[in-house]
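Take a look at the structure below.
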């Protein structure tokens, strides 16, 4: 009898404990119910915009409550996040090999009647359905010659224009394709596109280079012959944002390739330096004539003074003297030897004046699959300089 009662008690006690534990686990509180209503399963479907097929293996990242969550798309292009809080926005990034990256801000509305939400995203292949844009980048880094210089190591950028294309939303795609010019100034870039085409903004960066230029003087310096013309390399800015090109020199004035000065200094009351111009140079490069613009005043009277010929671009051998009159002015010249190799006709030392730039920036350039577009880019003569020259 006693044995039977002890045995019965050992059976009953565990049963009571089991019932108590089970009752605690199965209890679904009001807080649990509210939490369940505040979350949702969120799925992303990633598709190739050209083929409309799902993209497998893409990485989808979101941020919830300061924590980054990631998922990988399956063979159908689907990635799912469970129990995502509703009513709050969060950033989303989708990356896939050989495809344009997607960046978006997602907002899941507080609708308690649904348990899941699915969003479709489309992206561009960067290996298929391509268009080619190529060309050459040229610039005026030397305005004393008649040729354009090519610009190596320059970046040409094509920025995708987010929009709706072929009735598909590509507003969440932002990417840039960059091509760097070769030593000969050429560039080529392949741009992702599809269907009836997509648009890009194509542009080059602002740059500053040393530009070779001839000028008569700097702003504030005295006039010729106190200041002599020269050729120098001056830092010059080439900008796509400036609507105007600066001239080769700020006044677009004539800078002689060859000029003459006398080796004598005028003195006395009203002394004034004479001003000449080398008005004739033959095709063979010999000086044939020197004109007098200002005879000057205060030179030694009735004598002969040597003349110095200076050329910015070569030539030598000229032997010339100037004759003064009784009033101390320069009256004439004696050309004993016209020399050789001087620039024929004594042209302006600068050949390019305010040459307009071309294609520094092109907006909404539409390209279609298979297009081959030639866009040559010309920086022109520049938009501003660090030195104010005349």
Next item on the list: Compute the FRET efficiency between residue 351 and residue 241 as 1/(1 + (r/R0)^6), taking r as their Cβ-Cβ distance and R0 = 30 Å, and round to the nearest 0.05.
Entry: 0.70
Check: Angle, helix 2-26 long axis vs. longest principal axis of the chain, Cα atoms, 0 to 90°, nearest 10?
Finding: 30 degrees
Check: Please state the relative contact order of the chain as a whole percent: Cα pairs under 8 Å, 6+ residues apart?
Finding: 16 percent
Notebook entry, point to check: On full extension of the chain, what length is gained from residue 174 through residue 332, given 0.36 nm per residue of separation minus the C-alpha to C-alpha distance?
Noted result: 49.6 nm
Check: Taking 0.36 nm per residue of separation and subtracting the Cα-Cα distance, what length does fully extending residue 223 through residue 364 add?
Finding: 45.8 nm
Next item on the list: Starting with the fewest neighbours, write out 360, 191 ranked by other beta-carbon atoms found within 10 Å of each beta-carbon.
Entry: 360, 191
Notebook entry, point to check: What ranking, highest mean first, results for peptides 218-231, 259-272 when packing means the other Cβ atoms within 10 Å averaged over each residue?
Noted result: 259-272, 218-231
Margin query: Quick check: from the Cα gyration tensor, does the range 109-217 come out rounded (a/c under 1.5), prolate or oblate?
Written below: prolate
Checklist line | Cα-based shape type of the range 236-340, given that a ≥ b ≥ c are square roots of the gyration tensor eigenvalues and the cut on a/c is 1.5 | finding: oblate
Notebook entry, point to check: Just from its helices, what would the mean residue ellipticity at 222 nm be for the chain, if runs of 4 or more DSSP H residues each count -39500 (n - 2.57) and the sum is divided by every residue, rounded to the nearest 500 deg cm²/dmol?
Noted result: -3000 deg cm²/dmol
Margin query: At 0.36 nm per residue, and after removing the present C-alpha to C-alpha distance, how many nm does the segment from residue 164 to residue 105 gain when stretched out fully?
Written below: 19.5 nm
Notebook entry, point to check: When Rg/Rh (Cα atoms, Kirkwood Rh) is calculated directly from the model, which label among (1) 1.01; (2) 0.96; (3) 1.41 fits?
Noted result: (3)
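Taking the beta-carbon count within 10 Å as an exposure proxy, list 44, 159 from fewest neighbours to most.
159, 44
No lab work stands behind these numbers, since they all come straight from the coordinates. Just so you know, these numbers come straight off a predicted model, no measurement behind them. Please note: Cβ atoms are built from the backbone with ideal geometry, for glycine as well, and neighbour counts cover all protein chains shown.
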